[in-house]
Every structure is written in structure tokens, then in C-alpha cells.
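Working notes for the structure below.
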Amino acid sequence: MSASTAVLKSEARLFSREPGSLFWIIAFPSVLLAILGLIPTFRTADPSLDGLRVIDLYVPIVVLLAIVMAGVQAMPPVLTGYRELGILRRMSTTPVRPVSLLTAQIVLHGAAAVCSAVIAMAVGRLVYGVTLPGQLFGYALALVLAALAALAAGATIAALSRTTKISTAIGSAVLFPSMFTLGVWLPVQAMPDALQRVVLLTPFGAASQALNEAAAGDWPSWSHLGVTALWIVVLVGAAARWFRWE
Amino acid sequence: MAIIEVNGLRKAYGGRPAVDGVSFAVEEGEIFGILGPNGAGKTTTVECVEGLRVPDSGTVTVAGLHPVSDHAQLTRILGAQLQESDLQAKLTVREALELYSAFYPKPADWGSLAERLGLTDRLTARFGKLSGGQKQRLFIALALIGNPRIVVLDELTTGLDPRARRDTWKLIEDVRASGVTVLLVTHFMEEAQHLCDRVAVINAGRVAALDTPAGLISRTASSTVIAFTPSRPLDDADLAALPAATSVELKDDRVVVNGTDATVNAVIALLARRQITAERLRVTDATLDDAFLDLTTDNGATPSEPVAHRAADLTEQEA
């Protein structure tokens with residue numbers, strides 16, 4: 001077994017021992033979807049939403065919620081803690097580079113987010129009869145871009161925070177506006193025009209709209225995908241620029 | 001041949017020098033101690049040896065490798081136990097040992113290492129649940145797990161109870177017996193005296209002395225202490241005439257003389273001559289503690305100044 005595989009395996013085992021992270025990333029989005037679907041009016045077609053039901057709009061929203069929970073809320077304190085506790089430092093005295101530890105965590109949080117997205121879509125389909133995305137490949141692309149943006153945002157938060165406490169605080173501070181822009185309280189399609197124009201410039205607002213387009217069977221517009229992609233570049237750059245190994 | 005060579009090492013943090021011109025060489029197979037008060041620059045020095053810090057100036061060579069630019073190669077032959085470095089709280093002892101074994105091409109058998117360090121019954125315990133001493137023993141195991149040629153131990157026995165400390169010393173001696181070079185940072189004199197072949201005393205970022213523990217002790221102003229209660233008072237003049245005595249104190253009716261072996265003989269001769277019996281006569285060797293305090297304590301009102309001068313003198317002599 002190669003050293004990086006051993007690190008990934010070990011980190012996966014540790015990840016499975018974090019019930020808090022597992023709940024917020026994997027269970028919470030689907031639970032939220034299930035609860036929203038209990039509201040009868042959310043299950044009736046609404047002419048003002050092009051004949052869609054509210055629950056149809058909420059599947060992409062909880063999918064993004066899973067991604068944001070993983071990247072912005074759960075991951076930054078882990079990465080900061082690894083630096084703060086000297087775990088990265090200890091690893092840098094071994095033949096394995098400490099970056100493999102960070103990579104393992106990023107991969108695992110990304111994987112958990114994608115699993116959660118799939119579960120949420122399954123719940124939507126099986127429980128509330130939400131049709132699967134018409135443009136599956138475009139949907140997957142938007143999903144991957146959103147996940148990368150969330151992980152990059154999380155890495156930037158970890159880079160900027162000196163302690164685990166600070167990164168938890170910044171993570172929560174970033175989480176709420178992210179939840180707003182991706183449409184948890186008000187789906188992006190239902191937002192007033194002026195607000196929508198601004199939200200579509202944010203990474204998750206744009207991703208949300210891209211997912212909606214793909215869900216409806218269209219190829220997501222390049223401008224939305226482009227906004228999210230640009231955020232990825234900026235956030236990865238920021239994380240790389242400010243990350244400190246100790 | 002020296003396996004670790006440090007020459008004119010300097011490292012400052014925010015303009016304050018932490019290490020200010022440290023030089024020493026560690027021979028292959030020896031246990032070399034770095035001793036010094038808190039904040040003397042010991043940890044910074046070994047961190048430069050481990051390649052965790054880049055020196056401002058000076059050179060460090062470990063087995064012919066440059067610790068920073070040849071870091072990947074260095075990590076295969078150098079094991080390190082760091083100060084203030086934890087593991088993931090939910091990682092168990094066994095998982096940590098297995099994980100770190102997987103990092104090395106030819107790891108030591110972690111099972112026997114765990115046994116030697118008394119960790120066998122804690123293998124399923126999570127790191128966060130371990131006591132301070134158990135954590136420390138796990139760190140020592142991780143430093144040795146790659147079968148290193150050189151092992152750097154920073155504050156080896158901090159947090160260990162006396163029994164565990166003795167066991168750890170024995171382990172380190174065995175490790176050395178198998179040909180491994182040990183660089184040991186400590187502020188615990190007994191440990192240095194017990195384990196080290198040679199010791200560098202670092203004070204205020206400089207090497208204040210470098211010698212065997214015995215050499216350091218004999219170098220102190222008062223390497224032997226003679227204490228006794230004379231059956232009748234001694235003449236001040238007689239006491240003042242004692243050879244090589246650095247101090248004579250009278251506490252109540254007890255006389256305490258600091259000096260050397262020559263002083264001991266002179267005291268005995270004096271007592272015989274005056275036909276005085278010495279009650280509760282004690283002759284004790286100074287310990288490394290005394291030597292350490294001598295080398296690192298500042299005399300006089302200006303702190304650091306006299307020490308800095310003396311340290312500079314010593315470094316010149318050594319160079």
C-alpha cells in the first residue's frame with residue numbers, strides 16, 4: 001500500500017468517526033428536503049414557476065447545500081486543526097508530504113458532498129417524484145464546479161484562520177450568505193430581478209441557476225458555469241497564496 | 001566522521017536572534033545532548049537539523065545531506081520527536097503506528113516497539129484519551145518507526161514518571177547500541193548526565209560549552225563540595241589557606257568548602273594537624289546541575305552581558 005493511500009484510508013476512517021460532519025453533510029440536506037416535501041402546497045404545481053412545484057426547485061438547492069456544508073462548514077476547522085495541533089509539522093519529518101493529508105481531507109469532503117447530492121436526488125425522485133435532471137451531463141458539470149468552489153472556499157478559510165476557533169467562526173459567517181445565494185430561503189428563480197442579478201455573480205448563486213437549467217433539460221448557460229469557474233480560480237489562488245504550513 | 005555538522009548557525013525571529021552562531025559536530029553512533037535554559041535556542045537549532053526551519057546563515061549537514069534542499073532523502077534516515085505536536089484525537093495508537101510504518105521503505109516492527117514502550121495495552125485507545133506520558137511514548141515510537149540512522153528527540157522524557165523515564169533511557173541506550181546516532185534536547189540534567197556522551201550547553205543562542213558531562217562538571221568552579229562540623233572552631237587563616245578552594249562558608253557550626261580533590265586532601269590534612277575531628281563529613285561531587293548553573297547563570301546586575309562575553313570566548317577557543 002502506498003503511503004498516500006495509507007493516508008487517505010486513515011483519514012477516511014477518521015472522517016467516519018465525526019458524527020457531526022456526517023450529519024450536516026450527508027443527512028441534513030436530504031432530511032430538509034423530506035421535511036419541505038411534507039408541506040402540501042410545496043407539492044402542487046405553481047403556474048408562476050412555469051408549472052413546476054416548489055419541491056422540484058428545492059432538489060438542486062439541497063444538493064448545493066450539501067456541497068456548501070462540506071466545503072465551507074465542515075472542512076476548514078479540520079484543516080486548520082491539523083496545522084494548529086502540529087500534525088502537519090510531524091508529518092513533514094516523515095517521507096510523506098503533509099500536503100497529502102490536506103489533499104485526503106479535501107477529497108473526502110468532496111466525495112461526501114457528492115454522495116449527499118446523489119442521496120438528495122434519490123430522495124426527491126423516490127419520495128416526491130421529482131424528475132431526474134434532463135441534461136444529466138450539464139448537471140454533473142455544474143455540480144462538480146460547485147463542489148470545487150466550495151472546497152476552494154473552505155481551503156481559503158483554513159488558510160486565513162490562525163486557529164480552529166477562528167476557522168469555525170469564519171466558516172459559519174460564510175455559510176449563511178452562501179445558503180442565501182444558493183436559494184435556501186428563496187429559490188434563485190423566485191428572487192426579484194435586481195437581487196437575482198447580484199446573486200448570479202456569486203459562486204453558489206450561479207451554480208444554483210446552472211443546476212436549474214440542467215434540471216429543466218437545457219445545457220447550463222456558460223455565463224453561470226463561467227462565474228463559478230472564475231470563483232474557483234480566485235479562491236484556489238487565495239488559498240495557495242495565504243496558506244501557512246505552521 | 002561527523003554525521004551532523006552545524007557551523008555558524010544563525011536564526012532570528014522578527015529581528016530577535018534565537019540562535020546566534022551555534023557550531024557543533026555529532027559523531028556517528030554517539031548520544032549528543034543539547035542542554036540549555038528555556039528559550040536558549042535549543043529547539044530552533046534541532047529544527048534546522050531536521051530541515052523544518054531554514055537558517056538565516058550558517059550551514060547544517062546531516063549525513064552529507066542538506067536538511068532543506070535534500071529534505072525528502074533526509075526524512076528517510078532521520079526520525080524526529082517534536083515538541084508540541086499532536087496527532088488526530090480520534091486516531092488509535094495502533095492506527096498511528098500502522099500509518100507511520102507505511103511511510104517508510106523498511107519500517108521497524110511496530111508491535112515490538114509498542115511493547116518496549118509499554119503501549120501494548122493501549123493499542124486500541126484513541127490518541128485523545130491517552131495520558132501525557134502515553135502520548136510521549138507514542139511520539140518516541142513514531143520517531144523510531146522508520147529505522148532511522150539518526151534520531152532527534154526534543155524533550156524526550158517530559159511528562160514521564162520516573163519508571164517510564166528509566167525505561168525510556170534504557171530504550172535509547174539500546175537504540176544507540178544498534179548504531180543509531182541520537183541528538184537529544186533536554187533541560188533535565190540527570191538525563192544528560194545519564195545518557196549523553198557529549199553535551200553542548202546552549203545559552204542565549206550560543207554554545208556556552210561543549211564537553212562530556214564529566215568534563216563539564218570538572219570545569220565548574222567548584223567541582224567538589226566538602227561539608228563537616230568540626231569538633232572545635234577552625235582558624236579563619238587556616239581555612240583561607242586551603243588550596244583550590246573557591247568558597248568557604250560557615251553556617252552555624254558547619255563548614256562548607258567548595259573546591260577540588262586537592263582541597264579535600266588539604267582539609268583532611270588540616271584536621272589531622274589540628275587534631276580536630278570532623279563530624280558528619282560529606283564529600284560530594286558537583287553535578288551537571290552545578291555545571292549548568294555555572295555556565296548559564298548571569299552574575300551581576302547586567303543580565304546576559306557577562307554570559308554573552310564568556311560564551312563568545314568559549315566559541316573562539318573551540319574554533
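Summary table
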{"item": "Heavy-atom surface of region A:3-242, accessible at 1.4 Å and reported per residue (Å²)", "result": "41 Å²"}
{"item": "DSSP H segments from chain A that extend 27 Å or more along their own axis, Cα-based, with Kyte-Doolittle mean of -1.0 or above", "result": "A:99-128, A:136-160, A:222-242"}
{"item": "Dipole magnitude of region A:1-129, debye to nearest 20 (Cβ charges: Lys/Arg +1, Asp/Glu -1, about Cα centre)", "result": "540 debye"}
{"item": "Per-selection Rg to Rh, the protein assembly as shown - Cα, Kirkwood hydrodynamic radius", "result": "1.18"}
{"item": "Dipole-positive endmost among A:L36, A:S116, A:P76 within region A:33-128 (Cβ charges, Cα centre)", "result": "A:P76"}
{"item": "Cα centroid separation - region B:104-149 against region B:40-84, whole Å", "result": "22 Å"}
{"item": "Principal axis dimensions, largest first and in whole angstrom, of chain A by Cα", "result": "63, 35, 31"}
{"item": "Most to least accessible of B:H187, A:H109, A:H224 (protein chains only, probe 1.4 Å)", "result": "B:H187, A:H224, A:H109"}
{"item": "q = 0.17 Å⁻¹, region B:2-217: log10 I(q)/I(0) [Debye, one scatterer per Cα]", "result": "-1.21"}
{"item": "Length gained when the stretch A:Q189-A:S48 is fully extended (0.36 nm per residue, less Cα-Cα span)", "result": "49.7 nm"}
{"item": "Interchain or long-range residues, amide H under 5 Å from B:R198's placed H", "result": "B:I31, B:G33"}
{"item": "Relative contact order computed over chain B (Cα-Cα under 8 Å; 6+ residues apart), in percent", "result": "19 percent"}
{"item": "Highest-fluctuation residue, A:D218, A:D193, A:D56 considered, GNM on chain A with Cα pairs under 10 Å", "result": "A:D193"}
{"item": "Residue-averaged 222 nm ellipticity for the protein assembly as shown, from DSSP H runs of 4+ at -39500 (n - 2.57), nearest 500", "result": "-16000 deg cm²/dmol"}
{"item": "12 Å beta-carbon shell around A:H109, net charge (K/R +1, D/E -1)", "result": "-2"}
{"item": "Residue-level accessible surface for B:T168, protein heavy atoms, 1.4 Å, Å²", "result": "0 Å²"}
{"item": "Inter-part distance where region A:1-39 and region A:154-173 are each reduced to a Cα centre, Å", "result": "20 Å"}
{"item": "Cα-centred dipole magnitude for region B:2-217, charges only on beta-carbon of K, R (+1) and D, E (-1), debye, nearest 20", "result": "500 debye"}
{"item": "For region A:176-246, alpha-carbon Rg relative to the globular expectation (2.2 N^0.38 Å, N residues)", "result": "1.25"}
{"item": "Gap separating the Cα centres of region B:167-229 and region B:235-271, nearest whole Å", "result": "28 Å"}
{"item": "Of B:T260, B:P107, B:V152, farthest towards positive along the dipole that unit charges on Lys, Arg, Asp, Glu beta carbons give the protein assembly as shown", "result": "B:P107"}
{"item": "For A:W231, solvent-accessible area (1.4 Å; no DNA, RNA or ligand), Å²", "result": "90 Å²"}
{"item": "Beta bridges by DSSP in region B:2-217, antiparallel share as percent, to the nearest 5", "result": "55 percent"}
{"item": "Probe 1.4 Å - accessible area at A:L182, Å² to nearest ten", "result": "0 Å²"}
{"item": "DSSP bridge pairs, the protein assembly as shown: antiparallel proportion in percent, nearest 5", "result": "65 percent"}
{"item": "Contact order normalised by residue count of chain A, Cα under 8 Å, 6+ apart, percent", "result": "25 percent"}
{"item": "Convex hull of region A:30-149 built on C-alpha atoms - directionally averaged projected area, nm²", "result": "8.9 nm²"}
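The values are calculated or read from the model by the stated rules, or taken from the named source; none is laboratory data. Since this is a predicted model, take the numbers as computed values, not measurements. Counting neighbours? That spans all protein chains shown, and the Cβs are built from the backbone with ideal geometry, glycine included. We work out accessible area using only protein heavy atoms, side chains counted, and drop any ligands, DNA or RNA first. Shrake-Rupley method; radii C 1.70, N 1.55, O 1.52, S 1.80 Å.
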